[in-house]
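Encoded as structure tokens, the structure appears first; notes follow it.
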Amino acid sequence: MIHLKSAAEIDTIARAGAILAELYRQIPAQVRPGVSTAQLDRWAEEFIRGHRGAEPAFKGLYGFPATLCTSVNHEVVHGIPSTRRVLKEGDVVSVDCGVKLEGFYADAAISIPIAPVAPEVEALLERTQVALARGIEQARPGRRLGDMGSAIQAVADEAGYGVVRELVGHGVGRQPHEEPQVPNFGTAGKGLKLLEGMVLAIEPMFNLGSAGVRTLPDRWTVVTADRKVSAHFEHTVAVTADGPRILTV
Ligand code: MG
Ligand code: MG
């Protein structure tokens, strides 16, 4: 069932999202050679809990042990922060995080390069952000999920990237994952029609190589099957009569 949100509920999600946006403005300065993903996780948990009433949404969710998902290089999503995972020059770390505030969730992700990274990796990060923007542009009443998916997929197709199919965006609100599923692929004009009050986590995952992924024995970390780099960017977006409203800014 799809839960449509009132204007007041959307405002609450936006206040959760603003905490995430500030986290993402500050975390790139923490992402340096020699820093472990566990250090990033500790910093992020303290940052979120420093805001009255705010909680890390992922910690304990389905048994996930941390505030952040930290997925390095060929890891796509759901990487578990670790003291043993020390970042170095040339790495790309995808950080995914949720905040719960006053009963509502917001969800966002960015991929952060540690310079210098390869030019093709820079391009992958840039194009994945373009795809997210193209997807967000479709978050309007009357458009369809296929319009959104095809807008995102077109950017990957043009660049020859693999679009992860096993993992998709989702509705978000009183639950961190709600209906509908929001694929990063699709056919324009097809699929569920978007309605005012829907709040969607839109989150393209593009691979430098092929689309295939697999899950590591830790049962969380999703990696590219060909071990090529992956990028992930995500915003929580409300479908409003005035057009898309990004709530994680
Ligand atoms: Mg996320
Ligand atoms: Mg999400």
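The values are calculated or read from the model by the stated rules, or taken from the named source; none is laboratory data. These figures come from a predicted structure and were not determined experimentally. Please note: Cβ atoms are built from the backbone with ideal geometry, for glycine as well, and neighbour counts cover all protein chains shown. Keep in mind that these areas ignore ligands, DNA and RNA; they rest on the heavy atoms of the full protein, side chains included. Shrake-Rupley method; radii C 1.70, N 1.55, O 1.52, S 1.80 Å.
Miscellaneous remarks
- Close amide H pairs (under 5 Å, H built 1.01 Å from N) link E178 with G171, V172, residues at least 5 positions away or on another chain.
- The stretch between L192 and A118 holds 22.8 nm of extra length on full extension. This uses 0.36 nm per residue minus the Cα-Cα distance.
- Label-point separation in nm, E46 to Q175, each point 7 Å along Cα→Cβ: 3.5
- Computed from point charges on the beta carbon alone (+1 for Lys and Arg, -1 for Asp and Glu), the dipole magnitude for the chain about its Cα centre is near 260 Debye.
- Of the trypsin sites (Lys or Arg not before Pro) in the range 219-249, those whose Cβ has at most 14 other Cβ within 10 Å and which sit in DSSP loop: R219, R227
- Stokes-Einstein diffusion coefficient of the range 7-246, Kirkwood radius over Cα pairs, 37 °C, 0.692 mPa s, in µm²/s: 185
- Each residue was assigned an accessible area with a 1.4 Å probe, and for D11 the value is about 70 Å².
- For G79, the amide hydrogen comes within under 5 Å of the amide hydrogens of T70, S71, V222, counting only partners 5 or more places away or on other chains and with H modelled in the peptide plane.
- Listed values for the range 18-26 are Karplus-derived 3J(HN,Hα) couplings in whole Hz (6.51 cos²θ - 1.76 cosθ + 1.60, θ = phi - 60°), namely 5, 5, 4, 4, 5, 4, 6, 6, 8, and x replaces Gly and Pro.
- Alpha-carbon spread of the range 29-135, three principal axes, descending order, Å: 42, 36, 25
- ³J(HN,Hα), Karplus 6.51/-1.76/1.60, whole Hz, each residue of the range 186-196, x for Gly, Pro: x, 10, 4, x, 10, x, 4, 7, 7, 10, 4
- Modelled this way, with points 7 Å down the Cα-to-C-beta line, the labels at A8 and V249 are 2.6 nm from one another.
- Furthest towards positive pole of dipole, A238, H78, N207, structure part the range 7-246, Cβ charges: H78
- Annotation: the antiparallel percentage among DSSP beta bridges lying fully within the chain is about 100.
- Helix-only arithmetic for the chain: the sum of -39500 (n - 2.57) across DSSP H runs with n ≥ 4, divided by the residue total, places the mean residue ellipticity at 222 nm at -9000 deg cm²/dmol.
- Pairs of lysine residues in the chain that meet both criteria, 8 or more places apart or on different chains and Cα atoms under 27 Å apart, total 7.
- Amide H contacts of F58 (H built 1.01 Å from N, in plane; Pro and chain starts excluded): G98 sit under 5 Å, all sequence-distant by 5 or more or on other chains.
- Cα lying deepest toward the dipole's positive end in the range 10-164, options Q138, G103, A156, charges on Cβ: G103
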